[in-house]
Amino acid sequence: MEITQRNAEGYVALAPQGRFDMVNAPVVKARIDALVRGGDTRIVVDLQGVSFMDSSGLGALVGGLKTARQAGGDVRIAHPGEQVRAVLRLTKLDRILAPFESVEDASRGW
């Protein structure tokens with residue numbers, strides 16, 4: 001899985017591409033963990049390029065959220081597609097990982 005990273009003022013945006021499943025979820029989680037260890041605790045995960053996400057992908061996001069919050073930060077998601085939104089709704093995780101329409105929207109009001 002390719003993950004692009006953009007450092008912005010006050011946060012880091014990660015944009016994974018492709019399937020966010022049990023094969024690729026550990027890669028995203030490790031990337032979030034590394035950012036938090038490095039002092040970047042405000043992270044926006046841009047899901048625009050994600051074509052499919054399963055429970056492993058959700059687990060990686062929730063695990064990353066926990067890591068960031070323990071360090072005083074947060075993880076937010078942006079641009080989720082309809083399949084990702086459906087998974088979030090079905091699992092009721094949209095209450096914890098509220099989807100934002102854009103990275104810019106997600107990065108406001110930390």
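Every number in this text was worked out from the coordinates using simple rules, so none of it is lab data. Please read all numbers here as calculations on a predicted model, not as lab measurements. Here Cβ is always computed from backbone atoms with ideal geometry, including for glycine, and neighbour counts include all displayed protein chains.
Worth a mention:
- Pair-distance profile P(r), taking every C-alpha pair of the chain, with 10 angstrom steps and integer %: 16, 55, 28, 1
- Taking only the C-alpha atoms of segment 1-61, Rg followed by Dmax gives 11.0, 31 Å.
- Positive dipole terminus of the chain, leading residue within Gln5, Ser107, Ala25 (C-beta point charges): Ala25
- Helix-only mean residue ellipticity at 222 nm for the chain, each DSSP H run of n ≥ 4 adding -39500 (n - 2.57), per residue, nearest 500: -11500 deg cm²/dmol
- Label-to-label distance, nm, for residues given as Ser55 and Val23 (7 Å Cα→Cβ offset): 2.0 nm
- Taking 7 Å steps out from each Cα toward its Cβ at Gln48 and Gln83 produces label points 1.9 nm apart.
- Rounded to the nearest 20 debye, dipole of segment 20-102 from Cβ charges on Lys, Arg, Asp, Glu: 300 debye
- DSSP-defined beta bridges in the chain - what % are antiparallel, rounded to 5: 30 percent
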